[in-house]
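**Student:** Handing you this structure, nothing more for now.
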Amino acid sequence: MNASKILQQLMQQAGGQSGNKSSGGVDVKGMLEGLSRQLGGGSSGQGSAADSGLNLDMKSLLGGGALGLLVGSKRGRKLGGKALKYGAVAAVGMLAWKAWQNSQGAKGAAGQSAGSSAEGKPVEALEGEYQERRSLELLQAMIMAARADGHIDAQERELLAQQIDALGADDELHRWVERQLTAPLDAEALARQADSPQAAREMYLISVAVVDEQNPMERAWLDQLATALKLQPELTAELERQARQAG
């Protein structure tokens, strides 16, 4: 599979959304409207993505669209606002590490550099098969979190799979994504995929980035996942704080 390639592209897309336009970010609403036009869903009165000045290629549009679908328009959230914490997705590994350090305090985290053997490396520092495995864990966590309120219907599942394919997913990853979109929501099974304490922290943080913490069903999913991952309350609180601050 080539999960690491897909996750990296999603993280790069998220990095483009975490800033404002003046700092190099891209207007999320414009991106998703451009995606809709590219897929034939826009109204005839709308111009092309080039006409609107977005200057985005198809791959960029699809990357933003995939992130958007993981949130879903049915929730009535503002695009580019509270819908998805883009900054948290873009820097999930380092933010999760920082959250752990903060939760431990100066004494508990003293001498622990990012990627210490006992804790595991941040996803950004992994290579080869280790990066591939972590990428699968994080993609699975994102998909499960997005499904926590039951909003992804059959049509949205198909579109999301198509968009991930457009980012370059191979056949094996395509089949894996389709299974994740229909598999039972099982926090214990998801938690068993974590290969290190750092992986567990990243899986929780990226889940927080996708969900609406005020939605009871999604809040319940986060609580179940934290318990399954055996994360302490002070750590989960710090992970959530880091995700919110990253925006």
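**Student:** Excluding residues on the same chain fewer than 8 positions from Lys5, give the aspartates and glutamates whose Cα lies under 15 Å from its Cα.
**Tutor:** The qualifying aspartates and glutamates are Glu124, Glu127, Glu129, Glu132, Glu137, Asp165, Asp170, Asp171, Glu172.
**Student:** Further question: Tell me the per residue accessible area of region 167-247 using a 1.4 Å probe; a whole number in Å² is fine.
**Tutor:** Ligands and nucleic acids excluded, the figure is 45 Å² per residue.
**Student:** Moving on to the next point. Suppose R0 equals 22 Å. What FRET efficiency, 1/(1 + (r/R0)^6) with r the Cβ-Cβ distance, do Glu178 and Ala220 give to the nearest 0.05?
**Tutor:** Values: r = 25 Å, r/R0 = 1.16.
Once rounded, the FRET efficiency stands at 0.30.
**Student:** Could I ask something else about it? Quick one: length gained pulling Ala237 to Glu129 fully straight, 0.36 nm per residue minus the C-alpha distance?
**Tutor:** Contour length minus the Cα-Cα distance gives 35.8 nm.
**Student:** Considering the Cα positions of region 183-227, please state its Rg to one decimal place and its Dmax as a whole number of Å.
**Tutor:** Gyration radius and largest Cα-Cα distance of region 183-227: 10.3, 29 Å.
**Student:** When the accessible area of region 110-239 is split by element with a 1.4 Å probe, what percent falls to carbon and sulfur?
**Tutor:** Looking at region 110-239 in its full context, I get 48 percent from C and S.
**Student:** How about region 189-247: which trypsin sites (Lys or Arg not before Pro) there are in a DSSP loop, with at most 15 other Cβ atoms within 10 Å of their Cβ?
**Tutor:** Of the trypsin sites (Lys or Arg not before Pro), the ones in loops of region 189-247 whose Cβ has at most 15 other Cβ atoms within 10 Å are Arg192, Lys230.
**Student:** What aspartates and glutamates does Lys85 reach when the alpha-carbon gap must be under 13 Å and sequence neighbours fewer than 8 apart in one chain are set aside?
**Tutor:** Asp212, Glu213, Glu240
The values are calculated or read from the model by the stated rules, or taken from the named source; none is laboratory data. These numbers come from a predicted model, not from an experiment. In this analysis, Cβ positions are derived from the backbone assuming ideal geometry, glycine residues included, and neighbour counts consider all displayed protein chains. Note: accessible area is taken over every heavy atom of the protein model, side chains too, but ligands, DNA and RNA are not part of it. Shrake-Rupley method; radii C 1.70, N 1.55, O 1.52, S 1.80 Å.
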